[in-house]
Amino acid sequence: MTRHLLKLLWNRKRMNALIVAEICCSFLVLFSVGAGLVYIANNVRQPIGFTHQNVWNVAIGMGQESDDEFTKQQLGDFERALREAKSIPFVEYAGGSMTPPFSIGGSNGNWKLNGRYVKLSFDDVTDGFRDVLGLELLEGRWFEPSDDAQSWRPVVVDRDAARTLFPDGSAVGKSIPVSDTLEHRIVGVVREYRKNGELAGNDNFVLMRVNFVKANTRPPRNILVKVKPGTTAADEQALLARLRAVVPEWSFELRTLEQLRAQQRKLQLLPIVIGSIIAGFLVLMVTLGLTGVMWQNVTRRTREIGLRRALGATGSDVHRQILVEILIVASFGLALGIALVLQVPVLGIIDIPAAVLVPAIVLAILAILGLVALCGLYPSLLASRVEPAEALHYE
């Protein structure tokens, strides 16, 4: 029976080839959307490594053209503004950050270590950063005032970075090749720090200490404050007024981390929403097209189907034959799509972890098979109703 079905499909190879190509393209689109959804679902289940409740971010405009431009005066002014923020009664903790949580953009790059390249993300932070966000220290220590006198720059890495950089042992006390002129030495390890929130993946994050004693230190562009519960909009204005009084030539913009988080989520979900809309239109077009092709195919095969009914085949046999035929054709399209998808991680085009790759392939396969079965349901039902006598009257 299988050989007979394959022979029938081969006799209509031109039309079936178009269906195979259509199924393959649909699989690739559904896989892409499915991979994004699986990736986000896996990320949501993981902790982000910090607390954002009751935390405000004050973005500072220093009048410079880029973050790489700074002066000794700006470093001193930032330190005075940070001290002023700490002195306000409703502020529990205050700290500085170049790229705070949920902010757009960041600093990252690839560094060579032990013959391999490692991608790292960075942020320049002050000593109070840990208290503001409630970072959990797992190993070593946090920054302290005595680090001002060190000839090397102390850094704290998150657990992802520690495992990636030094998988065979502790990362504390070891150096990372961030700079050729200044040693960056790890003094502590914190829990996985996911700056971009629960929808983003884990980063190999490195927190570098801001040293106010050294004149060549770049001042952060944000002040994070942990406020007491029950603060109001009037308190926000009071904080901004105090900061403007300290450094009147700077501009300050206050937003809560909750607001930044909501904005970040919209940007992160936008590609998935757009991809889902495109996939929805594609699935609709494929459904209509595949249903029409199968309907036309059944109409043209009235004589063949009627003859098979005359030889003793039941309506259920014919119904099953039509469904099996289209599922076989769909399997060729799926095989081609899977082969193309597997080339992505093999060739190193995109690093897709197995925890995302396998579920996304399975979801796309199930969606395609369900779609094909749905499209073949009505045409196969029409075929099962063909009577033997109709084949004799078919022209």
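Apart from one condition, Ile88 fits all of (1) open to solvent by less than 20 Å² (accessible area, probe 1.4 Å); (2) of a type in the set (A, V, I, L, M); (3) outside any loop (DSSP other than H, G, I, E, B); the exception is (3).
So, Ala391, is that one modelled with pLDDT of 65 or more and either surrounded by 15 or more Cβ atoms within 10 Å (Cβ to Cβ) or not polar (S, T, N, Q) (or both) or not? For Ala391, the condition - modelled with pLDDT of 65 or more and either surrounded by 15 or more Cβ atoms within 10 Å (Cβ to Cβ) or not polar (S, T, N, Q) (or both) - is not met.
All told, Asp160 falls short of being open to solvent by 10 Å² or more (accessible area, probe 1.4 Å) and in a loop (DSSP other than H, G, I, E, B).
In the range 199-217 there is at least one residue that is in a loop (DSSP other than H, G, I, E, B), surrounded by fewer than 16 Cβ atoms within 10 Å (Cβ to Cβ) and either touching a Pro at 6+ places or on another chain (Cβ under 6 Å) or among the hydrophobic types (A, V, I, L, M, F, W, C) (or both). Does Asn222 count as farther than 23 Å from Glu84 by Cβ and either open to solvent by less than 10 Å² (accessible area, probe 1.4 Å) or polar (S, T, N, Q) (or both)? Considered against the rule, which asks whether it is farther than 23 Å from Glu84 by Cβ and either open to solvent by less than 10 Å² (accessible area, probe 1.4 Å) or polar (S, T, N, Q) (or both), Asn222 comes out as no. Restricting the range 92-103 to residues that are of a type outside the set (Gly, Ala, Ser) and open to solvent by less than 10 Å² (accessible area, probe 1.4 Å), the residue that is nearest to Gln263 (Cα to Cα) is Phe102.
Of all residues in the range 341-367, those that are within 13 Å of Phe31 (Cβ to Cβ) and free of Cβ contacts under 8 Å to residues at least 40 places away in the same chain have Cβ atoms under 8 Å from Cβ atoms of residues that are part of a loop (DSSP other than H, G, I, E, B) and open to solvent by 50 Å² or more (accessible area, probe 1.4 Å), 6 or more apart or on another chain, in Gln343/Ile349; Val344/Ile350; Pro345/Asp351.
Scanning the range 49-85 for residues that are open to solvent by 20 Å² or more (accessible area, probe 1.4 Å) and among the β-branched types (Val, Ile, Thr) yields Thr51, Thr71. Which ones in the range 137-146 are surrounded by 14 or more Cβ atoms within 10 Å (Cβ to Cβ) and in a loop (DSSP other than H, G, I, E, B)? Passing the criteria: Trp142, Phe143.
Candidates in the range 168-182 are the residues that are assigned to a loop (DSSP other than H, G, I, E, B) and within 15 Å of Leu207 (Cβ to Cβ); of these, the one that is least open to solvent (accessible area, probe 1.4 Å) is Ala171. Each residue in the range 225-243 was checked for being surrounded by fewer than 16 Cβ atoms within 10 Å (Cβ to Cβ) and assigned to a loop (DSSP other than H, G, I, E, B), and 4 of them qualify. For the range 104-119, filtering for residues that are open to solvent by 100 Å² or more (accessible area, probe 1.4 Å) and either in a strand (DSSP E or B) or free of Cβ contacts under 8 Å to residues at least 24 places away in the same chain (or both) leaves 5. Of all the listed residues (Leu374, Leu366), the sole one being open to solvent by 40 Å² or more (accessible area, probe 1.4 Å), at pLDDT 85 or above, among the hydrophobic types (A, V, I, L, M, F, W, C) and part of a helix (DSSP H, G or I) is Leu366. Within the range 41-76, the residues that satisfy the criterion of being hydrophobic (A, V, I, L, M, F, W, C), within 19 Å of Asn211 (Cα to Cα) and part of a loop (DSSP other than H, G, I, E, B) are Met62, Phe70. Scanning for something modelled with pLDDT under 80, surrounded by fewer than 13 Cβ atoms within 10 Å (Cβ to Cβ) and in a loop (DSSP other than H, G, I, E, B), does the range 335-346 turn up at least one residue? Checked against the condition, which is being modelled with pLDDT under 80, surrounded by fewer than 13 Cβ atoms within 10 Å (Cβ to Cβ) and in a loop (DSSP other than H, G, I, E, B), the range 335-346 yields no hits at all.
The values are calculated or read from the model by the stated rules, or taken from the named source; none is laboratory data. Just so it is clear, the model here is predicted, and its values are computed rather than measured. Every residue, glycine among them, receives a Cβ derived from its backbone with ideal geometry; neighbour counts consider all protein chains shown. Side chains are part of the model used for accessible areas, which takes the heavy atoms of the whole protein and leaves out ligands, DNA and RNA. Shrake-Rupley method; radii C 1.70, N 1.55, O 1.52, S 1.80 Å.
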